[in-house]
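Enquirer: Quick one: this structure, given as C-alpha coordinates, is what I'll be asking you about.
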Amino acid sequence: GSCIGKPENITGFESALFPVFQEILQKDVTEFIPYVFQVLSLMLELQNRPIPGQYMALFPFLLTPLLWERPGSIPPLTRLIQAFIEKNPDGVKDSISSILGIFQKLIASRSNDHFGFYLLNTMIEHLDKTTFTANVKGVFMLLFQRMQSSKTTKFMRSFIVFMSLFAAQVGAQPLIETVDSIQAGLFGMVLEKIFIAELQKVTGETDRKIAAVGVIKLLTEGPAMLNDNYVKWWAPLLTALVHMFEESADTSVPADEHFIEIEDTPGYSTAFNQLVFATKKPADPFGASVANPRQLLAESLQKLSVRYPGKLTPLIQQGVTGPALGKIQEYLSAANIGSLS
(Lines give C-alpha, C1' and ligand atoms only; values in the text may rest on other atoms or scores of the structure.)
Protein backbone atom coordinates (compact mmCIF):
# COMPACT_ATOMS: atom_id res chain seq x y z
CA GLY A 1 0.00 0.00 0.00
CA SER A 2 2.95 2.43 0.21
CA CYS A 3 2.50 3.55 -3.42
CA ILE A 4 -1.22 4.24 -3.16
CA GLY A 5 -1.79 7.96 -3.22
CA LYS A 6 1.97 8.58 -3.52
CA PRO A 7 2.85 8.00 -7.16
CA GLU A 8 6.29 9.54 -6.52
CA ASN A 9 7.20 6.40 -4.57
CA ILE A 10 6.79 4.29 -7.70
CA THR A 11 10.07 5.51 -9.19
CA GLY A 12 11.96 4.03 -6.26
CA PHE A 13 10.19 0.71 -6.65
CA GLU A 14 10.81 0.73 -10.38
CA SER A 15 14.56 1.23 -10.10
CA ALA A 16 14.78 -1.50 -7.45
CA LEU A 17 12.47 -4.02 -9.12
CA PHE A 18 13.07 -3.66 -12.85
CA PRO A 19 16.49 -5.37 -12.90
CA VAL A 20 15.04 -8.26 -10.86
CA PHE A 21 12.02 -8.51 -13.15
CA GLN A 22 14.20 -8.49 -16.26
CA GLU A 23 16.26 -11.34 -14.88
CA ILE A 24 13.17 -13.42 -14.00
CA LEU A 25 11.74 -12.86 -17.47
CA GLN A 26 15.02 -13.48 -19.33
CA LYS A 27 15.73 -16.68 -17.39
CA ASP A 28 12.06 -17.67 -17.73
CA VAL A 29 11.61 -18.50 -14.04
CA THR A 30 8.08 -19.80 -14.63
CA GLU A 31 6.80 -19.85 -11.06
CA PHE A 32 7.63 -16.14 -10.52
CA ILE A 33 6.50 -14.79 -13.86
CA PRO A 34 2.78 -14.37 -12.97
CA TYR A 35 3.80 -12.32 -9.91
CA VAL A 36 6.06 -10.11 -12.03
CA PHE A 37 3.12 -9.39 -14.35
CA GLN A 38 0.86 -8.54 -11.40
CA VAL A 39 3.34 -6.13 -9.82
CA LEU A 40 4.05 -4.50 -13.20
CA SER A 41 0.28 -4.00 -13.69
CA LEU A 42 -0.04 -2.35 -10.30
CA MET A 43 2.90 -0.03 -10.96
CA LEU A 44 1.56 0.89 -14.40
CA GLU A 45 -1.98 1.51 -13.13
CA LEU A 46 -0.61 3.96 -10.55
CA GLN A 47 1.28 6.05 -13.13
CA ASN A 48 -0.06 9.54 -13.64
CA ARG A 49 2.68 10.68 -16.01
CA PRO A 50 3.93 9.54 -19.42
CA ILE A 51 4.88 5.87 -19.20
CA PRO A 52 8.62 5.41 -18.59
CA GLY A 53 10.52 3.92 -21.53
CA GLN A 54 11.46 0.73 -19.67
CA TYR A 55 7.80 -0.35 -19.67
CA MET A 56 7.38 0.26 -23.38
CA ALA A 57 10.59 -1.67 -24.04
CA LEU A 58 8.92 -4.69 -22.38
CA PHE A 59 5.68 -4.37 -24.31
CA PRO A 60 6.57 -6.33 -27.51
CA PHE A 61 7.87 -9.20 -25.37
CA LEU A 62 4.51 -9.40 -23.56
CA LEU A 63 2.77 -10.08 -26.87
CA THR A 64 4.89 -13.20 -27.57
CA PRO A 65 2.43 -16.05 -28.27
CA LEU A 66 4.46 -18.49 -26.15
CA LEU A 67 3.77 -16.49 -22.96
CA TRP A 68 0.03 -16.87 -23.57
CA GLU A 69 0.31 -20.67 -23.75
CA ARG A 70 0.59 -20.87 -19.96
CA PRO A 71 -2.74 -20.84 -18.12
CA GLY A 72 -1.13 -19.23 -15.05
CA SER A 73 0.09 -16.23 -17.02
CA ILE A 74 -3.16 -15.38 -18.80
CA PRO A 75 -4.99 -13.51 -15.98
CA PRO A 76 -2.08 -11.24 -14.94
CA LEU A 77 -0.85 -10.76 -18.54
CA THR A 78 -4.32 -9.69 -19.68
CA ARG A 79 -4.49 -7.12 -16.92
CA LEU A 80 -1.00 -5.87 -17.79
CA ILE A 81 -1.88 -5.42 -21.48
CA GLN A 82 -5.07 -3.60 -20.36
CA ALA A 83 -2.90 -1.24 -18.28
CA PHE A 84 -0.70 -0.49 -21.32
CA ILE A 85 -3.75 0.24 -23.51
CA GLU A 86 -5.25 2.46 -20.81
CA LYS A 87 -2.10 4.43 -19.97
CA ASN A 88 -0.53 4.71 -23.41
CA PRO A 89 -3.15 4.22 -26.14
CA ASP A 90 -1.00 5.96 -28.79
CA GLY A 91 2.03 3.86 -27.88
CA VAL A 92 0.20 0.56 -28.43
CA LYS A 93 -1.62 1.59 -31.62
CA ASP A 94 0.94 -0.05 -33.92
CA SER A 95 0.56 -3.34 -32.04
CA ILE A 96 -3.21 -3.64 -32.58
CA SER A 97 -2.89 -6.65 -34.87
CA SER A 98 -0.74 -8.51 -32.28
CA ILE A 99 -3.23 -7.70 -29.51
CA LEU A 100 -6.08 -8.90 -31.73
CA GLY A 101 -4.08 -12.08 -32.42
CA ILE A 102 -4.03 -12.72 -28.67
CA PHE A 103 -7.75 -11.92 -28.50
CA GLN A 104 -8.38 -14.50 -31.24
CA LYS A 105 -6.49 -17.14 -29.26
CA LEU A 106 -8.31 -16.34 -25.99
CA ILE A 107 -11.75 -16.24 -27.58
CA ALA A 108 -11.27 -19.77 -28.93
CA SER A 109 -11.03 -21.12 -25.37
CA ARG A 110 -14.14 -21.75 -23.31
CA SER A 111 -12.21 -21.12 -20.12
CA ASN A 112 -10.27 -18.01 -21.21
CA ASP A 113 -12.70 -16.23 -23.54
CA HIS A 114 -13.60 -13.61 -20.91
CA PHE A 115 -9.97 -12.42 -20.92
CA GLY A 116 -10.29 -11.81 -24.67
CA PHE A 117 -13.33 -9.64 -23.99
CA TYR A 118 -11.43 -7.70 -21.28
CA LEU A 119 -8.87 -6.73 -23.95
CA LEU A 120 -11.59 -5.73 -26.44
CA ASN A 121 -13.48 -3.63 -23.90
CA THR A 122 -10.33 -1.80 -22.83
CA MET A 123 -9.57 -1.07 -26.50
CA ILE A 124 -13.08 0.36 -27.04
CA GLU A 125 -12.70 2.61 -24.03
CA HIS A 126 -9.18 3.93 -24.59
CA LEU A 127 -8.16 3.71 -28.25
CA ASP A 128 -9.34 6.40 -30.61
CA LYS A 129 -12.49 5.32 -32.40
CA THR A 130 -10.97 5.12 -35.90
CA THR A 131 -8.16 2.79 -34.81
CA PHE A 132 -10.60 0.42 -33.15
CA THR A 133 -13.37 0.47 -35.74
CA ALA A 134 -10.88 -0.14 -38.57
CA ASN A 135 -10.45 -3.67 -37.18
CA VAL A 136 -13.86 -4.33 -35.74
CA LYS A 137 -15.57 -6.22 -38.56
CA GLY A 138 -12.99 -9.04 -38.25
CA VAL A 139 -13.56 -9.08 -34.48
CA PHE A 140 -17.31 -9.58 -34.98
CA MET A 141 -16.73 -12.35 -37.52
CA LEU A 142 -14.57 -14.22 -34.98
CA LEU A 143 -17.21 -13.74 -32.27
CA PHE A 144 -20.04 -15.06 -34.46
CA GLN A 145 -17.91 -18.08 -35.46
CA ARG A 146 -17.21 -18.84 -31.81
CA MET A 147 -20.90 -18.42 -30.96
CA GLN A 148 -21.81 -20.97 -33.64
CA SER A 149 -19.20 -23.50 -32.53
CA SER A 150 -19.62 -23.17 -28.76
CA LYS A 151 -22.30 -20.95 -27.26
CA THR A 152 -21.83 -20.86 -23.46
CA THR A 153 -23.57 -18.67 -20.90
CA LYS A 154 -20.31 -16.93 -20.00
CA PHE A 155 -19.56 -16.20 -23.65
CA MET A 156 -23.04 -14.77 -24.28
CA ARG A 157 -22.85 -12.52 -21.21
CA SER A 158 -19.49 -11.19 -22.35
CA PHE A 159 -20.70 -10.72 -25.94
CA ILE A 160 -23.68 -8.63 -24.77
CA VAL A 161 -21.46 -6.44 -22.58
CA PHE A 162 -18.99 -5.93 -25.45
CA MET A 163 -21.73 -4.93 -27.93
CA SER A 164 -23.36 -2.68 -25.33
CA LEU A 165 -20.08 -0.91 -24.62
CA PHE A 166 -19.57 -0.55 -28.38
CA ALA A 167 -23.06 0.98 -28.76
CA ALA A 168 -22.42 3.33 -25.83
CA GLN A 169 -18.89 4.45 -26.76
CA VAL A 170 -18.81 4.22 -30.57
CA GLY A 171 -22.52 4.43 -31.35
CA ALA A 172 -25.65 2.33 -31.86
CA GLN A 173 -25.80 2.95 -35.61
CA PRO A 174 -22.14 1.90 -36.20
CA LEU A 175 -22.85 -1.29 -34.22
CA ILE A 176 -25.88 -2.14 -36.39
CA GLU A 177 -24.04 -1.25 -39.62
CA THR A 178 -20.93 -3.28 -38.70
CA VAL A 179 -22.98 -6.40 -37.97
CA ASP A 180 -25.09 -5.97 -41.10
CA SER A 181 -21.95 -5.50 -43.22
CA ILE A 182 -21.12 -9.16 -42.46
CA GLN A 183 -24.52 -10.31 -43.70
CA ALA A 184 -27.61 -8.26 -44.55
CA GLY A 185 -30.19 -8.41 -41.76
CA LEU A 186 -27.81 -10.16 -39.34
CA PHE A 187 -28.53 -7.59 -36.64
CA GLY A 188 -32.10 -8.95 -36.43
CA MET A 189 -30.62 -12.25 -35.20
CA VAL A 190 -28.45 -10.32 -32.72
CA LEU A 191 -31.55 -8.58 -31.34
CA GLU A 192 -33.72 -11.69 -31.13
CA LYS A 193 -31.24 -14.40 -30.14
CA ILE A 194 -28.72 -12.42 -28.12
CA PHE A 195 -30.05 -9.19 -26.61
CA ILE A 196 -33.70 -10.12 -26.09
CA ALA A 197 -33.09 -13.79 -25.26
CA GLU A 198 -30.04 -13.43 -22.99
CA LEU A 199 -30.05 -9.91 -21.48
CA GLN A 200 -31.30 -11.15 -18.13
CA LYS A 201 -28.24 -13.41 -17.82
CA VAL A 202 -25.80 -10.50 -17.57
CA THR A 203 -24.52 -10.47 -13.98
CA GLY A 204 -22.57 -8.00 -11.86
CA GLU A 205 -23.50 -4.39 -11.19
CA THR A 206 -21.03 -2.82 -13.64
CA ASP A 207 -21.78 -5.24 -16.49
CA ARG A 208 -25.53 -4.78 -16.02
CA LYS A 209 -25.11 -1.02 -16.13
CA ILE A 210 -23.04 -1.26 -19.34
CA ALA A 211 -25.69 -3.55 -20.87
CA ALA A 212 -28.48 -1.15 -19.85
CA VAL A 213 -26.76 1.90 -21.34
CA GLY A 214 -25.97 -0.01 -24.55
CA VAL A 215 -29.58 -1.16 -24.94
CA ILE A 216 -30.87 2.38 -24.26
CA LYS A 217 -28.57 3.66 -27.02
CA LEU A 218 -29.84 0.96 -29.39
CA LEU A 219 -33.47 1.77 -28.62
CA THR A 220 -33.11 5.54 -28.88
CA GLU A 221 -30.02 6.41 -30.96
CA GLY A 222 -29.99 3.79 -33.72
CA PRO A 223 -32.34 5.02 -36.47
CA ALA A 224 -32.16 1.56 -38.09
CA MET A 225 -34.06 0.20 -35.06
CA LEU A 226 -37.19 1.99 -36.25
CA ASN A 227 -36.98 0.90 -39.88
CA ASP A 228 -39.15 -1.85 -41.32
CA ASN A 229 -36.58 -4.62 -40.80
CA TYR A 230 -35.99 -4.10 -37.10
CA VAL A 231 -38.95 -2.21 -35.67
CA LYS A 232 -40.64 -5.50 -34.68
CA TRP A 233 -37.82 -6.03 -32.13
CA TRP A 234 -38.04 -2.53 -30.65
CA ALA A 235 -40.78 -3.18 -28.03
CA PRO A 236 -39.46 -6.68 -27.11
CA LEU A 237 -36.00 -5.14 -26.53
CA LEU A 238 -37.52 -2.38 -24.37
CA THR A 239 -39.43 -5.06 -22.42
CA ALA A 240 -36.23 -7.06 -21.88
CA LEU A 241 -34.55 -3.93 -20.53
CA VAL A 242 -37.39 -3.27 -18.07
CA HIS A 243 -37.12 -6.90 -16.87
CA MET A 244 -33.39 -6.38 -16.34
CA PHE A 245 -34.10 -3.25 -14.28
CA GLU A 246 -36.78 -4.88 -12.17
CA GLU A 247 -35.63 -8.47 -11.67
CA SER A 248 -32.42 -9.96 -10.34
CA ALA A 249 -30.02 -11.54 -12.82
CA ASP A 250 -30.58 -15.08 -14.06
CA THR A 251 -27.43 -16.73 -12.75
CA SER A 252 -28.34 -20.26 -13.82
CA VAL A 253 -25.65 -22.09 -15.79
CA PRO A 254 -26.29 -25.37 -17.68
CA ALA A 255 -24.78 -28.38 -15.91
CA ASP A 256 -22.29 -29.09 -18.69
CA GLU A 257 -20.84 -25.58 -18.36
CA HIS A 258 -19.96 -25.54 -14.67
CA PHE A 259 -16.39 -26.55 -15.27
CA ILE A 260 -15.69 -23.41 -17.29
CA GLU A 261 -16.93 -20.90 -14.77
CA ILE A 262 -14.29 -18.26 -14.11
CA GLU A 263 -13.59 -19.25 -10.49
CA ASP A 264 -12.62 -22.83 -11.13
CA THR A 265 -10.88 -22.90 -14.46
CA PRO A 266 -8.63 -25.99 -14.59
CA GLY A 267 -5.05 -25.10 -13.68
CA TYR A 268 -6.09 -21.67 -12.53
CA SER A 269 -5.71 -21.95 -8.77
CA THR A 270 -2.48 -23.94 -8.83
CA ALA A 271 -0.78 -21.99 -11.58
CA PHE A 272 -2.02 -18.52 -10.68
CA ASN A 273 -2.12 -17.24 -7.14
CA GLN A 274 -3.31 -13.70 -7.00
CA LEU A 275 -1.38 -11.32 -4.82
CA VAL A 276 -3.70 -10.12 -2.07
CA PHE A 277 -3.47 -6.45 -3.02
CA ALA A 278 -3.57 -7.06 -6.74
CA THR A 279 -7.29 -7.59 -7.26
CA LYS A 280 -8.86 -5.21 -9.76
CA LYS A 281 -12.43 -4.00 -9.45
CA PRO A 282 -14.30 -3.68 -12.75
CA ALA A 283 -14.40 0.03 -13.55
CA ASP A 284 -17.69 1.72 -14.43
CA PRO A 285 -16.98 3.38 -17.80
CA PHE A 286 -19.81 5.91 -17.32
CA GLY A 287 -19.33 6.86 -13.66
CA ALA A 288 -21.45 9.79 -12.58
CA SER A 289 -22.42 10.71 -16.15
CA VAL A 290 -25.02 7.92 -15.94
CA ALA A 291 -26.04 7.90 -12.29
CA ASN A 292 -29.42 6.30 -12.93
CA PRO A 293 -30.00 4.17 -16.06
CA ARG A 294 -33.81 4.21 -15.57
CA GLN A 295 -33.74 7.99 -15.74
CA LEU A 296 -31.47 7.83 -18.80
CA LEU A 297 -34.07 5.56 -20.46
CA ALA A 298 -36.91 7.98 -19.70
CA GLU A 299 -35.00 11.03 -20.96
CA SER A 300 -33.79 9.18 -24.07
CA LEU A 301 -37.31 7.99 -24.92
CA GLN A 302 -38.55 11.56 -24.62
CA LYS A 303 -35.84 12.87 -26.98
CA LEU A 304 -36.64 10.08 -29.45
CA SER A 305 -40.37 10.83 -29.33
CA VAL A 306 -39.67 14.47 -30.22
CA ARG A 307 -37.78 13.26 -33.31
CA TYR A 308 -40.54 10.80 -34.28
CA PRO A 309 -43.81 12.36 -33.06
CA GLY A 310 -46.68 9.91 -32.66
CA LYS A 311 -44.50 6.86 -33.33
CA LEU A 312 -43.43 5.61 -29.89
CA THR A 313 -46.68 5.62 -27.91
CA PRO A 314 -48.44 3.07 -30.18
CA LEU A 315 -45.23 0.98 -30.34
CA ILE A 316 -45.08 0.87 -26.54
CA GLN A 317 -48.86 0.44 -25.97
CA GLN A 318 -49.14 -2.42 -28.44
CA GLY A 319 -45.76 -4.07 -27.97
CA VAL A 320 -44.96 -3.88 -24.27
CA THR A 321 -47.07 -6.25 -22.22
CA GLY A 322 -47.76 -6.91 -18.55
CA PRO A 323 -46.23 -4.98 -15.64
CA ALA A 324 -43.41 -3.63 -17.83
CA LEU A 325 -45.82 -1.10 -19.33
CA GLY A 326 -46.60 0.40 -15.92
CA LYS A 327 -42.89 0.48 -15.07
CA ILE A 328 -42.08 2.58 -18.15
CA GLN A 329 -44.75 5.05 -17.03
CA GLU A 330 -43.13 5.11 -13.57
CA TYR A 331 -39.70 5.88 -15.06
CA LEU A 332 -41.19 8.74 -17.11
CA SER A 333 -43.01 10.18 -14.09
CA ALA A 334 -39.90 9.91 -11.92
CA ALA A 335 -38.01 11.91 -14.56
CA ASN A 336 -40.85 14.50 -14.60
CA ILE A 337 -41.89 13.54 -18.11
CA GLY A 338 -45.67 13.56 -18.40
CA SER A 339 -46.05 11.69 -21.67
CA LEU A 340 -44.25 11.04 -24.93
CA SER A 341 -44.90 13.10 -28.07
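Enquirer: Could you tell me whether Arg157 is in a helix (DSSP H, G or I), closer than 28 Å to Val320 by Cβ and modelled with pLDDT of 95 or more?
Expert: Answer is yes for this residue.
Enquirer: Just to verify a result, which residue in region 49-66, among those that are free of Cβ contacts under 8 Å to residues at least 12 places away in the same chain and part of a helix (DSSP H, G or I), is most open to solvent (accessible area, probe 1.4 Å)?
Expert: Among those that are free of Cβ contacts under 8 Å to residues at least 12 places away in the same chain and part of a helix (DSSP H, G or I), it is Leu66.
Enquirer: Taking region 280-310, which residues are closer than 21 Å to Gln329 by Cβ, surrounded by 16 or more Cβ atoms within 10 Å (Cβ to Cβ) and of a type outside the set (A, V, I, L, M)?
Expert: Pro293, Arg294, Gln295, Glu299, Ser300, Gln302, Ser305
Enquirer: Kindly list the number of the only condition in (1) modelled with pLDDT of 90 or more; (2) under 20 Å from Ile96 (Cβ atoms) that fails for Glu69.
Expert: That leaves (2) as the condition not met.
Enquirer: Still on this structure: I need the full set of residues from region 218-253 which are open to solvent by 40 Å² or more (accessible area, probe 1.4 Å) and of a type in the set (Gly, Ala, Ser), in order please.
Expert: Those that are open to solvent by 40 Å² or more (accessible area, probe 1.4 Å) and of a type in the set (Gly, Ala, Ser): Ser248, Ser252.
Enquirer: Turning to a different aspect of this structure: How many of the residues in region 144-155 are farther than 16 Å from Ala255 by Cα and surrounded by fewer than 20 Cβ atoms within 10 Å (Cβ to Cβ)?
Expert: Number of matching residues: 5.
Enquirer: Give the residue, chosen from Lys151, Lys129, that is under 18 Å from the mean Cα position of the chain (by Cα), farther than 25 Å from Leu17 by Cβ and without any contact (Cβ under 8 Å) to a residue 12 or more places away in the chain.
Expert: Lys151
Enquirer: Which number in (1) surrounded by 13 or more Cβ atoms within 10 Å (Cβ to Cβ); (2) out of contact with any helix residue (DSSP H, G or I) (no Cβ under 9 Å at 6 or more places or on another chain); (3) not hydrophobic (A, V, I, L, M, F, W, C) marks the one condition that Thr313 misses?
Expert: Every listed condition holds for Thr313 apart from (2).
Enquirer: Could you give me the residue pairs with C-beta distances under 8 Å whose first residue belongs to region 25-48 and is in a loop (DSSP other than H, G, I, E, B), whose second residue is surrounded by 19 or more Cβ atoms within 10 Å (Cβ to Cβ) and among the hydrophobic types (A, V, I, L, M, F, W, C) wherever it lies, and which are 6+ apart or on separate chains?
Expert: Leu46/Ile10; Gln47/Ile10
Enquirer: Of everything in region 82-124 that's among the β-branched types (Val, Ile, Thr) and within 15 Å of the chain's Cα centre (by Cα), which residue is surrounded by the fewest Cβ atoms within 10 Å (Cβ to Cβ)?
Expert: Ile124
Enquirer: Can you tell me which residue among Ala197, Ala167 is among the small types (Gly, Ala, Ser), over 17 Å from Phe286 (Cα atoms), assigned to a helix (DSSP H, G or I) and within 21 Å of the chain's Cα centre (by Cα)?
Expert: Ala197
The values are calculated or read from the model by the stated rules, or taken from the named source; none is laboratory data. What you see is a predicted model; the values in this text were computed from it and never measured. Note: ideal-geometry Cβ built from the backbone for every residue, glycine included; neighbour counts use all protein chains shown. Heavy atoms of the whole protein, side chains included, go into the accessibility calculation; ligands, DNA and RNA do not. Shrake-Rupley method; radii C 1.70, N 1.55, O 1.52, S 1.80 Å.
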